[in-house]
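Engineer: Dropping the structure in here first, questions after.
The values are calculated or read from the model by the stated rules, or taken from the named source; none is laboratory data. What you see is a predicted model; the values in this text were computed from it and never measured. Because the Cβ atoms are built from the backbone with ideal geometry, glycine has one as well, and the counts that use them run over all protein chains shown. Keep in mind that these areas ignore ligands, DNA and RNA; they rest on the heavy atoms of the full protein, side chains included. Shrake-Rupley method; radii C 1.70, N 1.55, O 1.52, S 1.80 Å.
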Amino acid sequence: MLGEAAMPYEVVHTFGTTVYFLFILLFLWTSRIPRTNSGAGWWALSMSCALLARLSLFYFLFSEQTPLAVPIYIFFNVLEKPLLLIGITRFLDLDIRQRWFWLAAGAAELWLLAAVLAGFPPLLRSMGYVPVNAAFMFCMAWFTFRHRAVVPGRLLLASAAASFALGLHWLSAPVAIHFYPGWFRNGFMLGTALVLVQYITLLGAVLTLFQKRLIDAESRALDMAFLDSLTGLNNQRYMHTLFDQALVLATRPHHVVAVLYIDLDNFKPINDSAGHAVGDEVLKLVAARLRSNTRSTDICARVGGDEFVVIATQLDDEDQAYDIARKLLGQLTQPMEIEGKRYWLGASIGIGLYPRHGSHLADLLQCADSAMYSVKRNGKSGCAMYHASASELDLKKAL
């Protein structure tokens, strides 16, 4: 009979031992990733206890010391639970006093030792540690269910379901085995499956957060590469990429793209007298006004200290470029209120048009910059369209 029963146990233990060992390696690997919380390290320890419990059961169950098999298995199994809970509290960054976990586990271990020495029957012996193990599993289920939104997807929800099922399994298994001894093997296989689900979902949660961290880091790196750090507008490098995309839309018949070169008037005196902190706030307000007064298809960029570029796309005619320039000029001449004080700026805006003045952004910027300087020479705070010769310059100052 033992030979017939040994094969299933050998298969289950060989599979379980291999998988447990792989989990330990994976948790140890993830715990060594820089800036990763210590939850994975604690789960490596808890899984190590589960592995020792399995190995001890396998060794003693088929040796001459069979009576020691279950007590030693339970000893390591109880030790696994506080380590598992400490791991989830570290992973979720929960403010929970962990000494209660150790006190409960210590009480269960002492009961187990006393029950073995006193020769209690298995069912009575289990009454000391089964409620503790079940309580640990229910706590695990509650923590993961309550904080399931921390990890994208439903990994923590699946972990909560497996933990809850393990809690029920711990409460029911001793009674089932007492009345139906053959349930020991089936119950052991069921418990193994639930434990694997529990740890697979926890490992998946660790890897998912790691992936999210990489994606967030990549996003921040892209922002640093393409956005101006002070104003949040596009920087000069990214503006060229966006312009190429805008030209694809401008190839439709009669569509015009306008490049507006904006140089702030009176910014330097404010920056010098009120300080760079106020100057930075002024630039942020300018950027906000540019964003709020342009369309989602337009491109706003900061190209210098107090110089900005707006690329207005999908215009029906050249007059629309003037309308946009006047609108922005009207916004930039409104007072800037910072820390209870008002500051007045102006803006000189030059306009270059695609395809009339060029087909490359560098050429259009040069044209718009030339038109902007013509505004500066004629009293500032105005807007002008670039023309090939100064005599043909169409200068339109804001009213």
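Engineer: Please compute the Cα-Cα pair-distance distribution of segment 225-288 with 5 Å bins starting at 0, giving whole percents from short to long.
Structural biologist: Spelled out per bin, shortest first, that is 4, 14, 18, 18, 15, 12, 9, 5, 3, 1.
Engineer: In addition: Cα-based count: Lys pairs in the chain below 20 Å, eight or more positions apart or different chains?
Structural biologist: Lysine pairs meeting both conditions in the chain amount to 14.
Engineer: Here's something else I'd like to know. Taking the 0 to 90 degree range and rounding to the nearest ten, how far is the long axis of helix 2-31 tilted relative to the main principal axis of the chain, both from C-alpha atoms?
Structural biologist: The helix 2-31 is inclined about 30 degrees to the chain.
Engineer: While we're looking at this one, here's another question. Working from the pairwise distances between different alpha carbons, so that the mean of 1/r is found and then inverted, what is the chain's Kirkwood radius in Å?
Structural biologist: It is 26.8 Å.
Engineer: Okay, moving on. How much of the calculated P(r) for segment 181-228 lies past 12 Å, in percent of all Cα pairs?
Structural biologist: 73 percent
Engineer: What number, rounded to the nearest 500 deg cm²/dmol, is the helix-based mean residue ellipticity at 222 nm of the chain, given -39500 (n - 2.57) per DSSP H run of at least four residues and division by all its residues?
Structural biologist: It lands at -23000 deg cm²/dmol.
Engineer: Another question, then. What order, most packed first, do the peptides 85-94, 287-296 have when packing is the mean number of other Cβ atoms within 10 Å of each residue?
Structural biologist: 85-94, 287-296
Engineer: Kirkwood Rh, Cα Rg: Rg to Rh for segment 238-334?
Structural biologist: Expressed as Rg/Rh, it is 1.03.
Engineer: For segment 14-94, what value does the Rg/Rh ratio take when both radii are computed over Cα atoms and Rh is the Kirkwood radius, given to two decimals?
Structural biologist: Looking at segment 14-94, the ratio lands at 1.08.
Engineer: Another question, if that's okay. Given a 1.4 Å probe and every protein chain left where it sits, what share in percent of the accessible area of the chain is carbon and sulfur?
Structural biologist: After summing per-atom areas, the C and S share lands at 62 percent.
Engineer: Rounded to whole Å and sorted largest first, what semi-axes of the equivalent ellipsoid does the C-alpha gyration tensor of segment 60-137 yield via the square root of 5 times each eigenvalue?
Structural biologist: After diagonalising the Cα gyration tensor, the semi-axes are 27, 13, 9 Å.
Engineer: Per 10 Å bin, what percent of the C-alpha pairs of segment 94-212 does each bin hold, from zero upward?
Structural biologist: Spelled out per bin, shortest first, that is 13, 35, 33, 15, 4, 0.
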